[in-house]
Amino acid sequence: MSERLYPGSNQDERTTFAPYSAFDIPADLRELHGRYDVEATARRVRNFRYAEEWMMMIMGGWVATIPEVPVKTGLGKVIWETAKAADEFGKRLPELRCGRKALSQSEAGNDGFASFIQEVSAPERPDQTIEKLAGVFDVLKPHLVELYERHMRETDPISDAPTIDILEDIVRKTRRHIAWGHEVLERLCETEATQQRRRERAQHMRNALIACGGATGDLAPGQA
Amino acid sequence: MRRFIEHTELARDSRFIRQDTAASTALANLPDDVDAVVSAFEKLAPMIEEAVRGTAAEELFETYGPAFSLVTLQEPIRPGEDGTDSRMRQRMHGIFVGEVQALEGAGRSLWDFPDAPWEFKMNMARQCWDEARHVQIYEKLLDHVGGEPGMYPESTFLFECACSDDPALRVAGVNRGLEGLACDVFRDVMKYAAEIGDDKMYQAVDYVLADELTHVRFGSDWVKEFTKDDPDRYKRAQDFRRQVDKQFSFGGARSDNDDAAIPIAMEVRREAGFTEEELDDLKQLSSGGPTKQTLREAARILHERHKAKGAGAAA
């Protein structure tokens with residue numbers, strides 16, 4: 001019985017060119033190793049999740065006490081996308097050897113950041129929309145974008161690619177949130193007095209953020 | 001920020017006029033007695049008059065007196081009838097402010113219950129986005145029917161009645177009670193839109209109804225989750241929902257009667273997790289209180305007295 005042959009398997013059908021040369025596939029130039037091992041990445045992901053979850057809850061609470069209807073409705077999508085960010089971070093945790101039930105784990109970088117978060121939530125009166133939004137959109141969300149981008153630059157680009165993939169999407173949406181928040185604040189702060197309120201609130205919150213070392217608690221002064 | 005706020009703390013911009021909730025809740029507790037209804041609304045007349053001053057409802061009050069709210073609540077909106085356009089504007093406005101309160105309720109649930117399960121928070125966050133879109137949709141539909149935000153006074157009784165400090169009762173009240181009412185109202189609006197051939201209104205409300213069904217389903221699921229292995233808490237949640245459903249029936253305006261102004265959306269509620277027993281209970285709850293005949297007679301008497309008072313003042 002003759003052996004069945006498939007196309008390309010005969011001696012005279014084999015290719016004669018060297019592997020890859022005809023297709024010119026570029027080499028993978030990424031390097032292994034990064035600044036964060038699995039444990040460090042897991043801790044940072046818990047920190048990220050903490051910040052996103054609390055922002056979601058804070059903004060949800062504010063909807064009822066913000067009088068401007070377009071701000072109420074605009075926050076609706078920001079709240080949902082912030083929740084999805086927290087959820088994505090949560091789903092990453094079991095993949096980083098944190099246990100099957102780690103989906104809702106979160107951790108403040110330190111007690112200082114936990115206090116900072118409570119300070120973000122402090123404005124409550126209906127006449128404090130500027131203070132509410134400035135804390136989140138002028139300070140906390142921009143800080144998180146910087147933090148996420150730093151993680152993407154410094155972590156192992158191959159081994160920790162799933163975290164980078166999550167962060168890329170979250171950064172893109174968070175930038176949109178910031179743009180929306182800034183547009184709203186520009187509309188609300190049309191007088192020098194209101195602009196001053198925004199500046200003062202933002203500076204106060206930035207100082208508090210620097211003092212605690214940022215969301216991960218490990219940033220040196222000036223890095224937050 | 002504090003946990004749990006009163007309905008009086010709900011913030012609005014200067015377009016909105018807040019109406020006392022007493023008039024909105026009075027119907028839920030009235031007997032089927034013409035004199036009792038007339039007496040109750042005569043006592044509320046000064047409050048109602050004050051609430052409608054400067055709004056589109058002021059003209060209605062001037063014409064009908066406090067009875068105007070009985071008419072607008074109890075009669076189905078039918079194409080081609082007198083006052084249909086203005087009543088549709090009023091209903092759209094009522095839906096619009098109701099959606100604002102639903103958004104606020106979902107948002108507060110995120111802050112008020114920080115220890116709730118993560119999946120609950122995700123559901124509430126998604127509901128925030130949905131309700132935010134609903135506010136935007138109904139603002140546009142209000143414009144579509146010739147209205148504008150703030151043209152009618154707003155009662156915050158939806159938030160007041162449905163929000164509880166217990167998460168099990170909160171979802172029973174907001175998600176199953178308030179959002180359930182929304183399903184009933186929107187099914188009826190779709191029927192009206194179909195009758196007049198308004199595809200824009202029909203399609204928009206159709207999407208909103210799909211969202212609201214999901215929200216009611218959230219409520220059905222989370223009441224069970226929060227009260228599992230706790231029969232007493234489950235009973236409290238059911239009793240609270242019944243209380244809310246009674247109030248949200250507006251004395252029979254929302255019911256299973258053939259001529260109800262707002263028919264109960266049975267199929268939607270079934271899909272959203274209501275049991276047959278619960279639906280039967282809702283039918284019974286909503287059929288209590290003054291009958292349509294009683295309310296019509298009371299409205300006639302109130303109208304006549306209002307006219308007589310006006311004539312006397314003119315003389």
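The values are calculated or read from the model by the stated rules, or taken from the named source; none is laboratory data. For clarity, every value in this text was computed on a predicted model and none was experimentally measured. Neighbour counts are summed over all protein chains in view; Cβ atoms, including those assigned to glycine, are modelled from backbone coordinates with ideal geometry. These accessible areas exclude ligands, DNA and RNA; they are computed on the full protein's heavy atoms, side chains included. Shrake-Rupley method; radii C 1.70, N 1.55, O 1.52, S 1.80 Å.
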Accessible area in square angstrom per residue, chain B, 1.4 angstrom probe:
42 Å²
Tell me the Kirkwood hydrodynamic radius of the protein assembly as shown in angstroms, computed as one over the mean inverse distance between distinct C-alpha pairs.
26.1 Å
Residue-averaged 222 nm ellipticity for chain A, from DSSP H runs of 4+ at -39500 (n - 2.57), nearest 500
-19500 deg cm²/dmol
With a Cα-only, solvent-free Debye model of the stretch A:46-143, what are the log10 I(q)/I(0) values at q = 0.18 Å⁻¹?
-0.83
Assuming 0.36 nm per residue, please report the length gained on full extension of the stretch B:A314 to B:F4 beyond their Cα-Cα distance.
106.7 nm
Taking r as the C-beta separation of A:S159 and A:A211 and R0 as 30 Å, the FRET efficiency to the nearest 0.05 is 0.35
Cα axis of helix A:161-188 to longest principal axis of chain A: angle in degrees, 0 to 90, nearest 10?
30 degrees
B versus A: buried accessible surface, summed, Å² (probe 1.4 Å, to nearest 100)
2600 Å²
In debye to the nearest 20, how big a dipole does chain A give about its Cα centre with +1 on each Lys and Arg Cβ and -1 on each Asp and Glu Cβ?
540 debye
Using only Cα atoms and rounding to the nearest 10 degrees, what angle (0 to 90) does helix B:231-247 make with the longest principal axis of chain B?
20 degrees
A:E53 neighbourhood, Cβ < 10 Å, K/R = +1, D/E = -1, net charge 0
Please list B:D82, A:D37 in order of solvent-accessible area, largest first, computed with a 1.4 Å probe with all protein chains present.
B:D82, A:D37
The protein assembly as shown, accessible surface, carbon-and-sulfur percent (1.4 angstrom probe)
49 percent
From the square roots a ≥ b ≥ c of the eigenvalues of the alpha-carbon gyration tensor of the stretch B:1-70, which class results: rounded (a/c under 1.5), prolate (a/b over b/c), or oblate?
oblate
Shielding of B:136-143 by partners, i.e. mean partner chain Cβ atoms within 10 Å per residue?
1
Length added when fully stretched, B:R15-B:D239, from 0.36 nm per residue minus Cα-Cα:
77.0 nm
Using a Förster distance of 51 Å, the FRET efficiency for B:R53-A:K91 (Cβ separation, nearest 0.05):
0.40
Roughly how many nanometres apart are two label points built 7 Å out from the Cα toward the Cβ at B:A210 and B:D166?
3.6 nm
Quickly work out the A:T194-to-B:D229 label distance, labels modelled 7 Å from Cα along the C-beta direction, and quote it in nm with one decimal.
5.2 nm
Placing +1 on the Cβ of each Lys and Arg and -1 on the Cβ of each Asp and Glu in the stretch A:49-198, which of A:A51, A:G135, A:G112 has its Cα farthest towards the positive end of the resulting dipole?
A:A51
Do you know the relative contact order of chain B, to the nearest whole percent, from alpha carbon pairs under 8 angstrom that are 6+ apart?
27 percent
How far, in degrees from 0 to 90, does helix B:179-196 lean away from the longest principal axis of the Cα atoms of chain B, to the nearest 10?
60 degrees
Using a ≥ b ≥ c from the Cα gyration tensor of the stretch A:131-196 (square roots of the eigenvalues), is it rounded, prolate or oblate, where a/c under 1.5 gives rounded and otherwise the larger of a/b and b/c decides, a/b for prolate?
prolate
Which net charge results for the neighbourhood of A:E131, defined as the other residues with beta-carbon distances under 13 angstrom from its beta-carbon, given Lys and Arg at +1 and Asp and Glu at -1?
+1
Vicinal HN-Hα couplings computed from phi for the stretch A:45-50 (Karplus, 6.51 cos²θ - 1.76 cosθ + 1.60; Hz; Gly/Pro x)
5, 5, 5, 4, 5, 4
What are the residues whose amide H is under 5 Å from the amide H of B:R18, where those residues sit 5 or more places off or on another chain and H is modelled from the backbone?
B:E154
Cα-Cα over 30 Å: which of B:K235/B:K283; B:K228/B:K292; A:K72/B:K121; B:K121/B:K246?
B:K228/B:K292
Note: B:114-123 gets an average of partner chain Cβ contacts (10 Å, Cβ to Cβ) equal to 4
